[in-house]
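A short worksheet on the structure shown next.
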Amino acid sequence: MEDSQLGYDPSVLVYPFSIGRMDFKKDMHSVSEGQSGITAESKIERFVLVKKIFHRAVICGRATVCWKAHRLDEDGKELMDKAYIIKDSWRSTLRDYTEGDLLKKATIALKDTVNSRVTKYYYHEDVTIFPISDPAVYQQSQGSKIVDDTFECIRKKLFLSLDDNGRVDSEFHANNPAGNPDCEIHEPLQSCSIGSTSSAVNVNNIPLKKPEYRIHTRLVTSTYGKPIYYFNDHLELLVAFRDAIKGHRNLYQIARILHRDISLYNILIGDDGRGFIIDLDYAIDTGSCQEKNKVQGHRTGTLPFMAIDILLQQSAHGFQHDLESFFYVLCWICCEFEGPCGTPRDKGCERKNLIAWATGLPENIGFMKLGMMQQFDYVMDTFSPYFKSFHHFMRKLHKMMFTAGRIKHDISYEKILKVFQDEIKRRDDENLPTNFGDLGIGT
């Protein structure tokens with residue numbers, strides 16, 4: 001059997017002493033910094049995958065996996081002086097803009113912004129493969145590559161038949177083996193297959209389940225870092241949060257892009273100890289009325305860090321809700337980590353925690369958070385001993401951001417950044433211990 005038939009990605013090639021190699025064998029329109037700013041350059045490049053740094057193991061979803069990667073020069077030598085992140089995921093086709101489109105727009109818009117604090121775009125594409133595992137599709141494509149998607153390449157156009165109660169009709173499957181044209185959804189109906197997996201469409205009076213249509217996409221960014229919870233000490237954590245909030249401000253006010261998914265995994269710390277934000281999967285172009293209308297009424301984000309009004313569906317998603325998410329991420333780190341370097345708390349010990357933020361219905365989590373923000377001392381009671389010195393700072397930040405348990409309407413980036421900057425300066429002035437050295441905290 002071919003490797004692709006066994007589930008291997010044919011676009012990841014074997015390379016010695018590494019996870020694999022990715023070749024972009026077509027014109028690659030990269031965004032690079034030149035003397036005149038951002039320039040488009042057409043070239044063919046190869047990357048070697050050094051280490052897997054993130055993997056979302058799901059049966060249904062984007063199945064995101066990220067690797068640390070190095071470029072190879074024309075002689076095949078690994079260029080180890082610069083690290084990249086290559087992100088593979090299966091994107092939905094419901095959005096007008098892909099993550100790559102938005103990040104490219106942001107990188108160009110922020111080209112003149114010193115220390116933009118947003119990950120930098122390098123390249124993106126929809127992955128194409130030779131469908132050699134399916135002779136019929138290969139013949140139809142006349143030996144050319146096709147887009148790697150869930151419809152042609154994964155499900156081979158197969159659908160589930162549902163009975164009147166929405167259950168799989170086993171008799172239909174027995175009488176309609178794979179390959180029967182009646183089992184396929186043809187070109188005119190392909191757009192109808194995009195959407196919720198819980199709905200169905202009638203084809204020849206047979207109810208067929210409408211699967212979600214996803215495309216295998218690949219994004220390369222030229223900014224590498226470690227997750228925020230791998231901070232080295234208090235000061236580095238505070239500086240990284242301040243930087244990430246600045247990055248969100250730049251993204252929103254200059255690039256006109258709203259992130260909408262601030263979470264524990266979307267804030268990184270670079271080799272210089274400075275923070276930046278990543279992952280525009282759920283972001284929207286605020287200048288596109290069509291895009292804003294499409295997402296109206298949709299709740300986006302990561303449950304433990306979603307804003308109360310979004311969980312309760314009481315407001316459209318605004319920048320202030322992402323600022324609220326930053327606050328919850330910091331609370332989560334203080335509660336669920338023992339201290340620096342990503343050390344988790346002992347799950348076996350009896351202690352208060354915030355795990356309830358991650359389980360249950362969004363509405364229930366929203367009301368729970370509302371109560372906790374009204375009684376914030378309960379949240380601080382969950383903090384690990386390492387973060388005891390954060391109590392005064394967190395009370396001050398909470399008081400400035402919330403009123404009666406909800407985010408204030410007049411909240412601003414400047415107010416939040418001032419609270420962070422004051423705490424950073426206080427710790428620096430008092431020469432509180434730091435393991436990282438000079439972080440350039442004044443910038």
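Quick check on my link table: of 51/105; 82/347; 52/104, which ones sit more than 30 Å apart, alpha carbon to alpha carbon? Intermediate results must be reported in sequence, preceding the final value.
Details: 51/105 28 Å; 82/347 37 Å; 52/104 24 Å.
Checking Cα-Cα distances, 82/347 exceed 30 Å.
How fast does the range 221-344 diffuse by Stokes-Einstein, in µm²/s, taking the Kirkwood radius from C-alpha pairs at 37 °C and 0.692 mPa s?
Numbers: Rh = 14.9 Å.
Calculated translational D: 220 µm²/s.
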Theoretical gain in end-to-end length, residue 350 to residue 82 [0.36 nm per residue, Cα-Cα removed]: 92.0 nm
Cβ-Cβ FRET estimate between residue 51 and residue 341, R0 fixed at 22 Å, reported to 0.05: 0.80
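Could you tell me the calculated FRET efficiency between residue 300 and residue 409, based on Cβ-Cβ distance and R0 = 35 angstrom, to the nearest 0.05? Write out the running numbers ahead of the final one.
Working: r = 21 Å, r/R0 = 0.60.
Efficiency, rounded to the nearest 0.05: 0.95.
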FRET efficiency estimate (nearest 0.05) - Cβ-Cβ, residue 313 to residue 358, R0 25 angstrom: 0.85
Projected label distance in nm at residue 389 and residue 418, using a 7 Å step from Cα toward the beta-carbon: 2.5 nm
Alpha-carbon centroid distance for the pair the range 243-283 / the range 52-100, whole angstrom: 17 Å
Projected label distance in nm at residue 108 and residue 286, using a 7 Å step from Cα toward the beta-carbon: 2.0 nm
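Values in this text are rule-based calculations from the coordinates and carry no lab data. Source: prediction; values computed, not measured. We place every Cβ from the backbone using ideal geometry, glycine too, and count neighbours over all the protein chains shown.
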